[in-house]
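Each remark here refers to the structure printed beneath this line.
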Amino acid sequence: MKFTLSWLKNYVDTGDLSAEELAEKLTMLGLEVDSVTPLFQDLGALFTGLVVEAEKHPDADKLTICQVQIGEDTHQIVCGAPNVRQGLAVVVALPGTVLPGNFKIKKSKIRGVASSGMICSERELGLSNEHDGIMELPEGTEHGQVFIDALKLSDICIEVDLTPNRPDCASVIGVAREVSSFTGTPLKIPVTKAEITTESQEFDVEIQAPELCPRYAGRLIKNVKIGPSPWWLRKCLLSVGLRPINNIVDITNFVMLEYGQPLHAFDFDNLSGGKIIVRTPSEDELSFSTLDESERKLGRDMLMICDGEKPVAVAGVMGGLNSEVSDQSTTILLESACFNAVSIRKTARNLNLSTDASYRFERGVDPEGTINALNRATQLICELSGGQAADEGIDRFPGNKELTILPLSVSRTNTLLGIDINADQLSGMLESIDLSCTQQDSDNLSVTVPSFRVDLEREADLVEEVARLYGYNNIPTTLPSVNLSYPEQDSNRLKRLAISKKLTTVGYTEAINYSFISDSHVNLLKIEAPDSRADSVKLLNPLSEDQAVMRTTLLPGLLENVKRNINFQKPSIKFFELGKVFTPTEKNQQPIETTRLAGVLSGNQHGDDSSPLYFKHAAVDIFDAKGTVEFILREMALELTTDASGLHFKTPDNGDAEPFTEAGQALNIYSGDHFLGSLGKIEENILRKFSIKNTVYFFDLNYDGLCQLAAELKQFSSLPVYPSVKRDIALVVSENISAGELLETVKTSREKLLEATEIFDVFQGEKIPEGYKSVALTITYRSQTKTLTEKNVEKSHSKIVRMLTDKFGGSFRNA
């Protein structure tokens, strides 16, 4: 929004405020000022002159030799303008003057006659495109004056960057209202509270789309004489970057900038049936020529202004060529209307046609100001074009609404803003911008919101108004009180972060995949009904076919990661992912989200970058996957047992194994009878379907289920004071007995001197009978109260050996 300082002063007294101070105050009110620009400074070297003599050039029919008086000096200037004549007040550029466009004036000879300067046209001065003749100054203009002072061009243009919620300030009067709030001076508006009391019988208005046009008004003006606008009007428009056209168009533009209400003038003689119909176009009216001589393709939902037969304007955007005011027009119908903001925005975007009118209609025009702007423009047209207008007109107002009334609490306002003002002060602030206030009691106000403030919808909006009127700089600065207590963290989230960090320390890399997978992935893993994972949540609008459903298992994404890394020649892989899977429920119900922890292993145990000098190549196997699961459980303080009622591994029976695992290469994890996950080797034929040729092992755990198990409490024990003693046991047992059973038996033996035990060898081969194996254990003994003797150790060790041989029928050997 652009306006000049002198234009603003027509409506409000700014006192001694400079343009810069005014800009600062407007910015602090929320109307950000983009620029403050002095106008026409490049015309400061021009002077007013008086043509005292004008003679025809002896060698050119179209040239005139002029004697131009500028102050006490007289200059001879050769001029080619047809309107130059004796006694004419003109604008003169003397030699050395630089005109807009970097055109420098020099002394010259034109057809043998010396010329000392140039008499300028409006186009040469950059004031308009008029170049039919030189600029004629008002009669009586004194010569010898600086041109911009003589015509009072010395002014300052202020440009405000408006936010979309303040359409009321897209006018000079709207800005003046804001200025009056801090200057304390009254607002002077040319026309207020105007009404059309008598309906005209010379034309008619019909609104067929009242939801798109809440108000439409018009007045008929006769005997209009189209011509150039007076200088004051042209100056206002030029100052804000608008090109003067003729008195009628210039007045509509001027009033639009003044009131923020776009207007349009129709040549009434070109309107069929003397009627205006506001409607959308029919099927045979989808092509329309606008004033810019462009053919526009219309949509059926675009609002049009039509006469009795055809469309004559695109409502709120631009008029049509078929009803344009021309130099021959004598009777005009002046339109002032209010249109639906969303409709105008869509129309302007679809037509790729943005105008000053659409800019204002898109943001919202005050329906109560329609008649004020209409009558103001009518007065100016009658004054400047000799037109005649009767008092009657037509005002159709189907969208008339009651004004909004909002409550406002004084105490709540003070609390929110951190200030201390009373009800009278609060009322005074709001009434300074034309918000009517009624005091209900000492703490409550009833505020009537004017129709031009479309942004005020609730009490909080009024509090914001108080804040900006009070002055943001005047609100005391206070630091908020902050509770320094550490906020409680989500325990499950902390567990997830901890286990992710721990897994990275043992060579794993975390993968984060999309929650969407291909519908075929579950089938590739041989997962079928009644397995709940076979049924997935389908997306209504998937990104692609590969992301058509929400995952019910993490393994497809991890296998895609394996394939990609192998393709990039990184075959040694240890990936894990901690994420959610989604199980569908009833229709229109949200799926059940479960957090799972899954991992895949492939290639070398020690990774691709390990040096063979230090690390012998060894392929991963099921024990690496099992060891990873044991590591996870240990870090979560969950104790593995061989007891079926506790947390334990179990070799799956027929039908219990995952459908994608290789036979004999799988383990399930249970807590009692509750299934918590599985691990094993993925079948080669399934891997081939994922384009993977390498061997891949996996583990897949119900992380939510693990978090629900009771973790072992951490207990402090003092560092050992007395030395330990280690003894080894080697037993030959049936190959059907797992080494873990022997280990668990020792651990649960309740021998008080026992501190630790572990397996260090399992052997089958020479000197071991067929169907048997040798399991070697190392056992650590320690006393917390004394140093153990050989007799103490031998007694405890013998008990354990007897227990193992009796339970498992093994033979004890010393080798």
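Hey, got a sec? Which GluC sites (Glu not before Pro) in the range 17-120 land in a DSSP loop and have at most 12 other Cβ atoms within 10 Å?
Those that pass, being in a loop and sparsely packed, are E72.
When the Cα positions of G740, V725, L753 are compared along the charge dipole of the range 661-774, V725 comes out farthest toward the positive end, with charges on each C-beta of Lys, Arg, Asp and Glu.
P(r) tail for the range 99-223: Cα pairs beyond 26 Å make up 61% of the total. Normalised Debye scattering of the range 396-478 at q = 0.16, 0.21, 0.22 Å⁻¹ gives log10 I(q)/I(0) of -0.58, -0.94, -1.02, counting only Cα atoms as equal scatterers and leaving out solvent.
Over the range 569-636, one equal point on each Cα, no solvent: what is log10 I(q)/I(0) by the Debye formula at q = 0.21, 0.25 Å⁻¹? Calculated log10 I(q)/I(0) at the listed q: -0.94, -1.10. The percentage of C-alpha pairs in the range 151-193 whose separation is greater than 16 Å is 52%. Computed over the range 497-536, the P(r) curve from all C-alpha pair distances, binned at 5 Å from the origin, holds 5, 18, 18, 12, 11, 17, 16, 2 percent per bin. Against the empirical curve 2.2 N^0.38 Å, the C-alpha radius of gyration of the range 342-488 lands at a ratio of 1.51. Taking all protein chains together and a 1.4 Å probe, the residues H797, H617 rank H617, H797 from largest to smallest accessible area.
Straight-distance candidates among the lysines for linking to K275, with alpha-carbon spacing under 21 Å and chain neighbours fewer than 8 residues away dropped: K222, K310.
Only protein atoms count toward the accessible area here, which uses a 1.4 Å probe; on the range 253-309, the carbon and sulfur part of that area reaches 40 percent. In the range 266-384, Rg over Rh equals 0.95, where Rg is the alpha-carbon radius of gyration and Rh the Kirkwood radius from pairwise Cα distances. Dividing the radius of gyration of the alpha carbons in the range 425-470 by their Kirkwood radius gives 0.92 for Rg/Rh.
For K570, what charge total do you get from the other residues with a beta carbon under 13 Å from its beta carbon, if Lys and Arg give +1 and Asp and Glu give -1?
Combined, the nearby Lys, Arg, Asp and Glu give +1.
Rounded, prolate or oblate: which one fits the range 602-692, using the alpha carbon gyration tensor with axes a ≥ b ≥ c (rounded when a/c is under 1.5, else prolate when a/b beats b/c, else oblate)? Here the range 602-692 falls in the oblate category. Restricting the calculation to Cα atoms, every distinct pair contributes to the Kirkwood radius of the range 460-554, found to be 19.4 Å.
The value obtained for the range 735-815, namely the Cα convex hull volume divided by the number of residues, is 94 Å³ per residue. Amide H contacts of S436 (H built 1.01 Å from N, in plane; Pro and chain starts excluded): T448 sit under 5 Å, all sequence-distant by 5 or more or on other chains. Ordering V68, A89, V78 by Cα displacement along the dipole of the range 68-111 toward the positive end leaves V78 in first place; charges were set at the Cβ atoms of Lys, Arg (+1) and Asp, Glu (-1).
Given a cut-off of 21 Å, what percent of all Cα-Cα pairs of the range 314-396 lie beyond it? Of the Cα pairs, 41 percent sit more than 21 Å apart.
At a probe radius of 1.4 angstrom, the accessible area of the range 248-356 per residue rounds to 38 square angstrom. Taking Cα centre as origin and charging only the Cβ of basic (Lys, Arg, +1) and acidic (Asp, Glu, -1) residues, the dipole magnitude of the chain rounds to 4000 debye.
Shown are F254, F649, whose ranking by accessible area with a 1.4 Å probe and every protein chain present, most to least, is F649, F254. When a 1.4 Å probe is rolled over the protein heavy atoms, the share of accessible surface on the range 60-144 that falls to carbon and sulfur comes to 43 percent. Partner lysines whose Cα lies under 26 Å from the Cα of K106, excluding those fewer than 8 positions away in the same chain, are identified as K56, K62.
Rolling a 1.4 Å probe over the protein heavy atoms gives the range 629-723 an accessible area of 55 Å² per residue. Computed extension gain for T785 through D42, at 0.36 nm per residue and net of the alpha carbon distance, reaches 257.1 nm. Over the range 1-120, the reciprocal of the mean inverse Cα-Cα separation, the Kirkwood hydrodynamic radius, stands at 17.4 Å.
The D269 and D301 beta-carbon pair, evaluated with R₀ = 25 Å, returns a calculated FRET efficiency of approximately 0.20.
With bins 10 Å wide beginning at 0, the percent of Cα pairs of the range 531-654 falling in each bin runs 10, 28, 32, 22, 7, 1, 0. Principal semi-axes of the equivalent ellipsoid, √(5λ) from the alpha carbon gyration tensor of the range 664-807, are 37, 24, 14 Å from largest down.
Among all the lysines, which ones have a C-alpha under 27 Å from K726's C-alpha, if same-chain residues fewer than 8 places away are not counted? Hits, sequence-local ones excluded: K714, K747, K752, K767, K773, K786, K791, K795, K799, K807.
For the range 714-815, trypsin sites (Lys or Arg not before Pro) meeting the loop criterion (DSSP other than H, G, I, E, B) and having at most 12 other Cβ atoms within 10 Å: K714, R750, K752, K767, K786. For the range 527-571, the ratio of Cα radius of gyration to the globular rule of thumb 2.2 N^0.38 Å stands at 1.43.
When you work out D = kT/(6 pi eta Rh) for the chain at 37 °C and 0.692 mPa s, using the Kirkwood radius from C-alpha pairs as Rh and the Stokes-Einstein form, the result is 90 µm²/s.
The values are calculated or read from the model by the stated rules, or taken from the named source; none is laboratory data. This one's a predicted model, so the numbers in the text were calculated from it and none came from an experiment. Please note: Cβ atoms are built from the backbone with ideal geometry, for glycine as well, and neighbour counts cover all protein chains shown. All accessible areas refer to the heavy atoms of the entire protein, side chains included, with ligands and DNA or RNA removed. Shrake-Rupley method; radii C 1.70, N 1.55, O 1.52, S 1.80 Å.
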